[in-house]
Amino acid sequence: MSGKKERFGSRTAVIMAMAGSAIGLGNIWRFPYMVGEHGGAAFIVMYLLATLLLSLPVFITEVTIGRRSRKGAFSAMSELHPGHRIWEFVGLLAVIVSLLINSYYCVIGGWSLDFLLRSCAASFVRMSPSEVTSVFSQMSSSRWEPVVMHLSFMGISTFIVAHGVKAGIEKFSKISIPALFFLIIVMIFYSVTLPGASEGLKYLVKPDFSQVNGETMAYALGQSFYSLSLGMGAIITYGSYVHKEEDIVVSGAGTAVFDLTFAILAGFAIMPAVFAAGIEPGAGPGLIFQSVPYIFSSMGEEVPVISAAVSFIFFLAIVVAAMTSCISLIEVGVTFLGEKFNLSRKKSCCLLFVLCGGLGIVCSLQPSVFDSLDWFCSNVMLLVLAFCFVVFAGFVMKKEDVREEITNAGAKPLNVRLFNVIYFQIKWIAPIAIAVILVTNFIL
Ligand code: PHE
């Protein structure tokens, strides 16, 4: 890529951009559902353990690889270990997986945009439950509507990335992350005051330790990886924009705290409302697109304006959260095209818009393609790639180089003290645990 490599402006910028990538659809529909189905507070404890023991070391690994090489996901590892095609292949795989995920992720982004526009028109107010449910099925199965929305969503996200790391990604994340927290807190106030909301709170917090087993641990880890955007090269790519003086451990922990806090807040915003409306908490994007509008429609009979406004706030939060994640996925492709083919940022963005837009159209029209891509990317590839990254940092990179990045060449006393523990996690605990989970995922 021509010109000097850009950097994030400050620690806040690093954490906001990374939290932007992390906070997304995974927090809004997947986390609350997982918590409820897998033991309530017991799942949250497992999720915390998985994050602390495995996801954080993997996160630190990805930032280390990115910052040390100053390259995006494709060339980072081959830059640090030249002459070994295998690492270039792993990098290429990360780019491909990020583009595949982006294609279907933007389809859900498009649905959210569609519902945001419908909320503007207060179109859910006073609809009957069956009418509300059919809005989603009609919209997602219509020919042109989801495609137009998907391309619009993707167009806006690509436009932000085209503006560059500082003027585009950093600026957007610094505004949108605080806004997201504000929006979700407004939602919580609305949600917990609904009659019958306490059932939803119980669903989220009641610990059920009988659910704690290997399988749930695997779910907790998978969710934690997905939520922190690991195993796609997105964090390697963002890591390459992190200043040498920045504390990698603090940035990782800060991002994880933001991500988990938002996931828990989203749970408190959604589940009480779902229970208040007497809806079964089901898995998948359907929960937000079929159940949540129903809440606004039924409540809308008494307070139509408030109901329409909260519905708008809710879908705006989803659109913004999905967009900051989508941006990090596009950036993986942009750095690849820049580094491999010397394409400018703007040209790369146009090309990616055409590529992912096209694939997204297929996903939008073919639900089976959508489901298979989601399964393959988030259950298999994410773990395979995370495994490769930790093996690279633990066995291919020199220990001294890893130490230099994590401790900032000895300038961070706490990290110096923690280094041996973190390195042990990267070298042994993470690869073994990921391999075990990968195998059990296939057997289960
Ligand atoms: N972390 C995002 C979410 O929770 C998903 C994502 C995965 C985004 C990988 C970028 C890279 O929705």
Note on I15: of the conditions (1) aliphatic (A, V, I, L, M); (2) within 16 Å of the ligand (Cβ to nearest atom); (3) under 24 Å from Y203 (Cα atoms), unmet is (3)
Given (1) at pLDDT 90 or above; (2) within 16 Å of the ligand (Cβ to nearest atom), L53 misses just (2)
For segment 193-230, the count of residues that are surrounded by fewer than 24 Cβ atoms within 10 Å (Cβ to Cβ) and more than 16 Å from the ligand (Cβ to nearest atom) equals 25
Within segment 27-59, of all residues that are in contact (Cβ under 8 Å) with a residue 40 or more places away in the chain and surrounded by fewer than 19 Cβ atoms within 10 Å (Cβ to Cβ), the one nearest to P207 (Cα to Cα) is A41
Taking segment 404-444 and keeping only residues that are in a helix (DSSP H, G or I), of a type in the set (D, E, K, R) and over 28 Å from the mean Cα position of the chain (by Cα), one is left with E404, R417
Only one of I65, I23, I60, I28 is within 14 Å of the ligand (Cβ to nearest atom) and either modelled with pLDDT of 95 or more or on the phi > 0 side of the Ramachandran plot (or both), namely I23
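Does F136 satisfy the criteria of being surrounded by 24 or more Cβ atoms within 10 Å (Cβ to Cβ) and more than 16 Å from the ligand (Cβ to nearest atom)? Even if it seems obvious, please write down each step before you answer.
Details: surrounded by 24 or more Cβ atoms within 10 Å (Cβ to Cβ): no; more than 16 Å from the ligand (Cβ to nearest atom): yes.
Spelling it out, it is not the case that F136 is surrounded by 24 or more Cβ atoms within 10 Å (Cβ to Cβ) and more than 16 Å from the ligand (Cβ to nearest atom).
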All-but-one check, T335 against (1) within 21 Å of the chain's Cα centre (by Cα); (2) more than 23 Å from A17 (Cβ to Cβ), failing number (2)
With respect to F268, determine if the residue is over 22 Å from N102 (Cα atoms) and more than 23 Å from the chain's Cα centre (by Cα).
-> no
Of those in segment 348-378 that are within 16 Å of the ligand (Cβ to nearest atom) and surrounded by fewer than 16 Cβ atoms within 10 Å (Cβ to Cβ), the residue modelled with the lowest pLDDT is W375
The residue from G394, G333, G338 that alone is farther than 27 Å from M154 by Cβ, modelled with pLDDT of 95 or more and not hydroxyl-bearing (S, T, Y) is G394
Flagged pairs (Cβ under 8 angstrom, 6 or more apart or on separate chains; first in segment 5-26, within 16 Å of E62 (Cα to Cα); second of a type in the set (V, I, T) and more than 16 Å from the ligand (Cβ to nearest atom)) are V14/V242
Filtering segment 303-337 down to residues that are buried (at least 19 other Cβ atoms within 10 Å of the Cβ), more than 16 Å from the ligand (Cβ to nearest atom) and either without any contact (Cβ under 8 Å) to a residue 12 or more places away in the chain or within 18 Å of S240 (Cβ to Cβ) (or both) yields L337
Here, helices (runs of 4 or more DSSP H) confined to segment 124-203 with at least 2 residues that are among the aromatic types (F, W, Y) are 145-162, 171-192
Filtering segment 126-168 for residues that are of a type in the set (S, T, Y), in contact (Cβ under 8 Å) with a residue 24 or more places away in the chain and over 17 Å from L116 (Cα atoms) leaves a count of 2
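The values are calculated or read from the model by the stated rules, or taken from the named source; none is laboratory data. Quick caveat: nothing in here was measured; it's all calculated off a predicted structure. As a convention, Cβ positions derive from the backbone with ideal geometry for all residues, glycine included, and neighbour counts pool all protein chains shown.
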